[in-house]
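Have a look at the structure below before the remarks.
The values are calculated or read from the model by the stated rules, or taken from the named source; none is laboratory data. Quantities reported herein were computed from a predicted structural model and do not represent experimental measurements. Neighbour counts are summed over all protein chains in view; Cβ atoms, including those assigned to glycine, are modelled from backbone coordinates with ideal geometry.
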Amino acid sequence: MRLEVVAVVVPARDEQETIGACLASVAVAARQVRLDVRTVVVADSCVDATAQVATAAGAKVIKTTGSPGGGVGAARAAGCAYALRTLEALPPAAIWLAHTDADSVVPPDWLRAQLAYAERGYDAVVGMVTLAGNSDSDAHRRWTSAYRQRHGHVHGANLGVRGDAYLAVGGFAAVSAHEDLGLLERLVAVGRVVARPHHPRVVTSARLVGRTPAGVAADLRALHCCADRLVNSTDTRTQTLSGE
């Protein structure tokens with residue numbers, strides 16, 4: 001079935017510093033496609049000005065209160081449910097659900113690339129990311145080096161799925177992390193066709209403290225801690241050998 005509408009879902013928790021740039025990039029990407037694009041920001045338990053910034057940027061904002069264990073999975077699911085409900089006059093197969101994160105910036109051809117795969121019969125698109133900035137930190141370099149080896153990654157920051165495929169597998173689970181991976185695994189299990197392109201890549205934050213217990217921030221934090229332990233261990237051995 002031919003797609004008619006794109007709904008971009010962005011979960012956010014206290015992201016007033018980053019949501020503006022995220023939504024500005026989504027707006028640029030939306031102008032690259034001919035379909036109607038609607039952006040839904042899920043302000044999940046926010047205590048800052050995330051909702052106000054998103055509203056000023058032209059996004060539809062829905063507010064949720066995170067339940068224990070629900071986290072980002074519940075937020076993404078709430079955004080998708082809202083989008084599908086407001087577009088109920090259309091069959092789900094005519095709706096493309098694109099996903100990114102509030103601390104990320106999508107490239108101009110982001111939506112155009114996803115829709116090109118959809119037109120070729122793919123039910124979902126699982127893209128890659130790159131870290132923001134040009135950090136010289138050891139953790140940044142090690143993460144980037146390891147990431148380049150292969151594309152087995154799943155990021156909610158660069159994901160798209162056709163509405164009927166999303167509903168067929170039950171949507172996002174209400175979990176605090178890996179809701180994107182869970183969705184992908186269920187799509188594959190029922191035979192849905194998934195594209196895994198290397199480009200375009202979404203630029204995501206290189207911060208060490210994120211909004212979920214897992215993800216890029218957790219990976220970077222682990223690498224940062226490993227680097228610190230290595231440096232401290234080397235310093236100790238050097239002091240011992242020098243007799244200090």
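In the range 129-144, is there at least one residue being at pLDDT 95 or above, over 20 Å from residue 27 (Cβ atoms) and surrounded by 18 or more Cβ atoms within 10 Å (Cβ to Cβ)?
Filtering the range 129-144 for residues at pLDDT 95 or above gives none.
Looking for residues that are at pLDDT 95 or above, over 20 Å from residue 27 (Cβ atoms) and surrounded by 18 or more Cβ atoms within 10 Å (Cβ to Cβ), one finds none in the range 129-144, hence no.
Would you mind stating whether residue 116 is in a helix (DSSP H, G or I), touching a residue at least 24 places away in the same chain (Cβ under 8 Å), surrounded by fewer than 23 Cβ atoms within 10 Å (Cβ to Cβ) and more than 17 Å from the chain's Cα centre (by Cα)? Spelling it out, it is not the case that residue 116 is in a helix (DSSP H, G or I), touching a residue at least 24 places away in the same chain (Cβ under 8 Å), surrounded by fewer than 23 Cβ atoms within 10 Å (Cβ to Cβ) and more than 17 Å from the chain's Cα centre (by Cα). Only residues that are in a helix (DSSP H, G or I), of a type in the set (Gly, Ala, Ser) and within 18 Å of residue 96 (Cβ to Cβ) were counted in the range 5-30, giving 4. When residue 55 is tested against (1) out of contact with any strand residue (DSSP E or B) (no Cβ under 7 Å at 6 or more places or on another chain); (2) more than 23 Å from residue 204 (Cβ to Cβ), just one condition goes unmet, and that condition is (1).
Residues in the range 22-43 that are touching a Ser or Thr at 6+ places or on another chain (Cβ under 9 Å) and touching a residue at least 60 places away in the same chain (Cβ under 8 Å): 22, 25, 26, 30, 41.
Being under 21 Å from residue 111 (Cα atoms) and either modelled with pLDDT under 95 or within 16 Å of the chain's Cα centre (by Cα) (or both): is that true of residue 209 here? Criteria not met by residue 209.
Quick one: would you say residue 173 is closer than 13 Å to residue 73 by Cβ, among the aliphatic types (A, V, I, L, M), in contact with a Ser or Thr (Cβ under 7 Å, 6 or more places away or on another chain) and assigned to a loop (DSSP other than H, G, I, E, B)?
For residue 173, the condition - closer than 13 Å to residue 73 by Cβ, among the aliphatic types (A, V, I, L, M), in contact with a Ser or Thr (Cβ under 7 Å, 6 or more places away or on another chain) and assigned to a loop (DSSP other than H, G, I, E, B) - is not met.
Annotation: residue 63 fulfils all but one of (1) free of Cβ contacts under 8 Å to residues at least 40 places away in the same chain; (2) in contact with an Asp or Glu (Cβ under 9 Å, 6 or more places away or on another chain); (3) surrounded by fewer than 16 Cβ atoms within 10 Å (Cβ to Cβ); (4) more than 19 Å from residue 174 (Cβ to Cβ); the unmet one is (4). Taken together, 194, 161 contain a single residue that is touching a helix residue (DSSP H, G or I) at 6+ places or on another chain (Cβ under 9 Å), crowded, with 21+ Cβ neighbours inside 10 Å, touching a residue at least 24 places away in the same chain (Cβ under 8 Å) and not basic (Lys, Arg), which is 161. Within the range 174-191, restricting attention to residues that are modelled with pLDDT of 95 or more and among the small types (Gly, Ala, Ser), the residue that is surrounded by the most Cβ atoms within 10 Å (Cβ to Cβ) is 182. When the range 52-74 is filtered for residues that are at pLDDT 95 or above, under 12 Å from residue 10 (Cβ atoms) and either hydrophobic (A, V, I, L, M, F, W, C) or part of a helix (DSSP H, G or I) (or both), the ones remaining, listed by number, are 53, 54, 57, 59, 61, 62.
Is it fair to say residue 102 is at pLDDT 95 or above, touching an Asp or Glu at 6+ places or on another chain (Cβ under 7 Å) and buried (at least 20 other Cβ atoms within 10 Å of the Cβ)? Explain how you work it out, then say what you get.
Details: at pLDDT 95 or above: yes; touching an Asp or Glu at 6+ places or on another chain (Cβ under 7 Å): yes; buried (at least 20 other Cβ atoms within 10 Å of the Cβ): yes.
Criteria met by residue 102.
Of (1) touching a Ser or Thr at 6+ places or on another chain (Cβ under 6 Å); (2) small (Gly, Ala, Ser); (3) under 21 Å from residue 181 (Cβ atoms), residue 132 satisfies all except one. Which? Here residue 132 clears every test but (3).
Screening residue 33 against (1) more than 17 Å from the chain's Cα centre (by Cα); (2) not in a loop (DSSP other than H, G, I, E, B) leaves a single unmet condition, (2).
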